Amino acid sequence: MHFIKMHGIGNDYIYVDEFLYKAPVDIGDAARLASDRHTGIGGDGLVLIDHSDIADVKMRSFNRDGSEGRMAGNSIRSVGKYVYDRGILPKTTLTVETASGVHTLTLYTRDGAVTLCGVTMGRADFTAASLPALTDKVELVNTPIEVGGKTYTVTCLSVGNPHCVVFDDRIDALDLEVLGPQFEHAPLFPERINTEFVRVVNRNMLKMRVYERGNGETPACGTGACAVAVRRPARALRRR
């Protein structure tokens, strides 16, 4: 398998350029085998870069366990850098098709290479149905839920993929190898969930640990960073 290895803030993925090479037929199994850090290439998953009929380029992302993801913030930035730096799409504004829709990238370059990439993530969706979640509540905002026999106050939302945000003053002490799977596989979330454990450092800084569905704990998560920072629109607050 011909591949490229890239990372965004340490969130590393294996990329296959399908403009040049075809990915294996069983891409889920290939993602699981290739992502193994002991017997494979090693990474947080596998991403395919391909032609799109509705955007400049198409991205499909697969998690470490072989399941397909809907959106990956760090991966889409890496795709933007790859197609620009390789001359595939030599323009600084481009669109990328994903399983969660089309996103626009703004690329900032220096000496012919991308140094920064901004992503238009779209509107955050706070409805429980967007996750989905098995609840009669319209939203899960500052809502107590029980996970692993303990009650946590959470806020859940979708930013192209589903997230559950938990604020805690001692996130470094959390055992995410135990706690992460309890959230990911909680009966409340039939399609599993990404979970962010967040400490407010000051007015301008949050510290986050993330447990991604299908991947486990990762060094960073672009959509997770958006999920912890987004503010619910004021209109939704008034409706409550």
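The values are calculated or read from the model by the stated rules, or taken from the named source; none is laboratory data. Computed from a prediction, not measured in an experiment: that's the story for all the values here. Positions of Cβ are backbone-derived with ideal geometry, glycine not excepted, and every protein chain shown enters the neighbour counts. Note: areas computed on protein heavy atoms with side chains; ligands, DNA, RNA excluded. Shrake-Rupley method; radii C 1.70, N 1.55, O 1.52, S 1.80 Å.
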Within the stretch 178-194, is there a residue that is over 20 Å from ARG70 (Cα atoms), crowded, with 23+ Cβ neighbours inside 10 Å and either over 19 Å from the mean Cα position of the chain (by Cα) or at pLDDT 95 or above (or both)? no
When only residues in the stretch 5-29 that are modelled with pLDDT of 95 or more and aliphatic (A, V, I, L, M) count, which is nearest to ASP65 (Cα to Cα)? ILE14
Without any contact (Cβ under 8 Å) to a residue 40 or more places away in the chain and more than 19 Å from TYR21 (Cα to Cα) - does that describe any residue in the stretch 81-90? yes
List every residue pair whose Cβ atoms sit under 7 Å apart, with the two residues 6 or more apart in sequence or on different chains, where the first one lies in the stretch 131-146 and is farther than 16 Å from HIS163 by Cα and the second, anywhere, is polar (S, T, N, Q). LYS137/THR143
Return the only residue of ASN204, ASN194 being in contact with a Lys or Arg (Cβ under 6 Å, 6 or more places away or on another chain) and polar (S, T, N, Q). ASN194
Tell me yes or no: at least one residue of the stretch 136-152 is among the hydroxyl-bearing types (Ser, Thr, Tyr), farther than 25 Å from ASN63 by Cα, open to solvent by 50 Å² or more (accessible area, probe 1.4 Å) and not in a strand (DSSP E or B). no
Within the stretch 49-93, residues more than 23 Å from PRO24 (Cβ to Cβ) and of a type in the set (Val, Ile, Thr) come out as ILE54, THR92, THR93
Return the total of residues in the stretch 195-224 being touching an Asp or Glu at 6+ places or on another chain (Cβ under 8 Å) and either buried (at least 19 other Cβ atoms within 10 Å of the Cβ) or closer than 20 Å to LEU134 by Cβ (or both). 13
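Per-residue answers, yes or no, for (1) over 20 Å from PRO190 (Cβ atoms); (2) in contact with an Asp or Glu (Cβ under 9 Å, 6 or more places away or on another chain):
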{"residue": "LYS137", "(1), (2)": "no, no"}
{"residue": "LEU140", "(1), (2)": "no, no"}
{"residue": "TYR152", "(1), (2)": "no, yes"}
{"residue": "CYS156", "(1), (2)": "no, yes"}
{"residue": "ALA173", "(1), (2)": "yes, no"}
{"residue": "LEU176", "(1), (2)": "yes, yes"}
